[in-house]
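Novice: I am attaching a structure below and will ask some questions about it afterwards.
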Amino acid sequence: MTSIFEVALGAEFDRLHPMMRRRFSVGLDSGEACVGRGVMTSIRRGPWWTIPFLQIGRLRNILVPDTGTDVPFVIENFPYRDPLGRETVTFVREYTIGAKHRRFDATMILDDGRIVDYLGTHQHLAVDLDLRVDDRGGLLLTSDSQRFYEGPIGFRFPMLFSGRARLHEYFDDSDQSFHIDLEVRNRRFGFLFGYRGAFQAEWIVATDAPARLKPHRHEART
């Protein structure tokens with residue numbers, strides 16, 4: 001059984017912590033989905049002028065404009081085959097910040113040996129991901145080039161107006177939990193957005209994703 005992440009990582013996949021291997025084995029071959037529930041100890045954003053950009057991203061579930069501490073969240077990773085025939089894995093995160101419910105949508109596919117992460121409800125942004133394994137079996141995920149697609153329009157998104165994400169996820173045997181730490185930075189303006197937290201996961205039988213987790217449209221271009 002081979003997941004899209006195992007293909008992308010190659011031999012490095014075996015260096016992941018066993019719990020990380022199971023988590024990133026989610027796929028059509030494994031017939032499993034992974035649902036994590038936990039708490040974000042902190043959700044942060046950059047200076048005041050980042051708020052309009054974050055609010056725009058919120059409209060299509062690409063960014064979260066709020067801040068908070070000890071924020072409950074759920075992350076759902078379900079495999080499915082999209083209408084274009086591509087194996088896809090959802091990375092949908094939902095947060096409860098006071099009375100507000102926020103959601104961050106991402107769906108990932110394998111394209112020519114690399115993971116492409118489509119962001120948002122309409123897969124407007126396609127982002128190349130670089131995956132690496134650290135010395136303790138955690139996964140380091142760094143975003144690379146980005147493309148914007150809307151109808152007939154398609155162009156490489158200028159990084160001056162965007163940010164590079166760096167996500168570190170690992171499993172800690174001492175508390176039997178997965179830990180995540182994300183920062184998004186712009187090369188000129190610095191820190192834009194980030195969060196840090198931990199969750200515990202359960203695996204359920206699944207070869208399709210619920211409709212509520214799928215994007216409203218699927219983008220053919222990568």
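The values are calculated or read from the model by the stated rules, or taken from the named source; none is laboratory data. The structure displayed is predicted, hence computed values, not measured ones. Cβ sites come from the backbone with ideal geometry, for glycine too, and all protein chains shown count toward neighbours. The accessibility values were calculated without ligands, DNA or RNA, using every heavy atom of the protein model including side chains. Shrake-Rupley method; radii C 1.70, N 1.55, O 1.52, S 1.80 Å.
Novice: Principal axis lengths of the chain from Cα atoms, whole Å, largest first?
Specialist: 45, 44, 33
Novice: Kindly provide the helix-only [θ] at 222 nm of the chain, computed as the sum of -39,500 (n - 2.57) over DSSP H runs of four or more divided by all residues, to the nearest 500 deg cm²/dmol?
Specialist: -2000 deg cm²/dmol
Novice: Moving on. So, with +1 on the Cβ of K and R and -1 on the Cβ of D and E, and no other charges, what is the size of the charge dipole of the chain about its Cα centre, to the nearest 20 debye?
Specialist: It works out to roughly 980 debye.
Novice: Then there is this: Using 0.36 nm times the number of residues separating residue 7 and residue 150, minus their current alpha carbon distance, what extension gain do you get?
Specialist: Value of the extension gain: 48.6 nm.
Novice: Moving to a separate point now. Quick check for me: using +1 on Lys/Arg Cβ and -1 on Asp/Glu Cβ, what's the dipole size of the range 127-184 about its Cα centre, in debye to the nearest 20?
Specialist: My answer is approximately 440 debye.
Novice: Over the chain, what is the relative contact order in percent, taking alpha-carbon pairs closer than 8 angstrom and at least six residues apart?
Specialist: With pairs under 8 Å counted, the relative contact order is 23 percent.
Novice: Please give me the summed charge of the neighbours of residue 68: other residues whose Cβ is under 11 Å from its Cβ, Lys and Arg +1, Asp and Glu -1.
Specialist: +2
Novice: I'd like to check one number: the per residue accessible area of the chain, probe 1.4 Å, reported in Å² as a whole number.
Specialist: Dividing the accessible area of the chain by its residue count gives 48 Å².
Novice: Let me ask something else about it. I'd like the carbon and sulfur percentage of the solvent accessible area for the chain, probe radius 1.4 Å, heavy atoms only, ligands and nucleic acids excluded.
Specialist: Solvent-exposed carbon and sulfur of the chain make up 54 percent of the total.
Novice: Once the other residues with Cβ under 11 Å from the Cβ of residue 207 are scored (Lys, Arg +1; Asp, Glu -1), what is the net sum?
Specialist: -3
Novice: How are the C-alpha pair distances of the range 81-138 spread across 5 Å bins, as whole percents from the shortest bin up?
Specialist: Going out from 0 Å in 5 Å bins, the range 81-138 shows 4, 15, 20, 21, 15, 12, 8, 3, 0 percent.
Novice: Of 171, 191, 155, which has the most accessible area and how do the rest follow, probe 1.4 Å?
Specialist: Highest to lowest solvent-accessible surface, that is 155, 191, 171.
Novice: Which of 151, 163, 138 sits farthest toward the positive end of the charge dipole of the range 138-177, with +1 on the Cβ of Lys and Arg and -1 on the Cβ of Asp and Glu?
Specialist: The one lying farthest along the dipole's positive direction is 151.
Novice: What residue among 124, 179, 101 shows peak mean-square fluctuation when the chain is described by a Gaussian network model with Cα springs under 10 Å?
Specialist: Residue with maximal mean-square fluctuation among 124, 179, 101: 101.
Novice: Between 17, 36, 191, whose Cα lies farthest towards the positive end of the dipole of the chain when Lys and Arg beta carbons carry +1 and Asp and Glu beta carbons carry -1, centred on the Cα centre?
Specialist: Of 17, 36, 191, it is 191.
Novice: Then there is this: Please sort by residue number the trypsin sites (Lys or Arg not before Pro) in the range 180-215 whose DSSP state is loop and whose Cβ has at most 14 other Cβ atoms within 10 Å.
Specialist: Within the range 180-215, the qualifying trypsin sites (Lys or Arg not before Pro) (loop, at most 14 other Cβ atoms within 10 Å) are 187, 188.
Novice: A follow-up question, please. Could you compute the net charge surrounding residue 138? Neighbours are other residues with a C-beta less than 13 Å from the C-beta of residue 138; K and R count +1, D and E count -1.
Specialist: Within the 13 Å Cβ shell, the charges total -1.
Novice: Heavy atoms only, probe 1.4 angstrom, no DNA, RNA or ligands counted: give me 41, 207 ranked by accessible area, highest first.
Specialist: Descending order: 207, 41.
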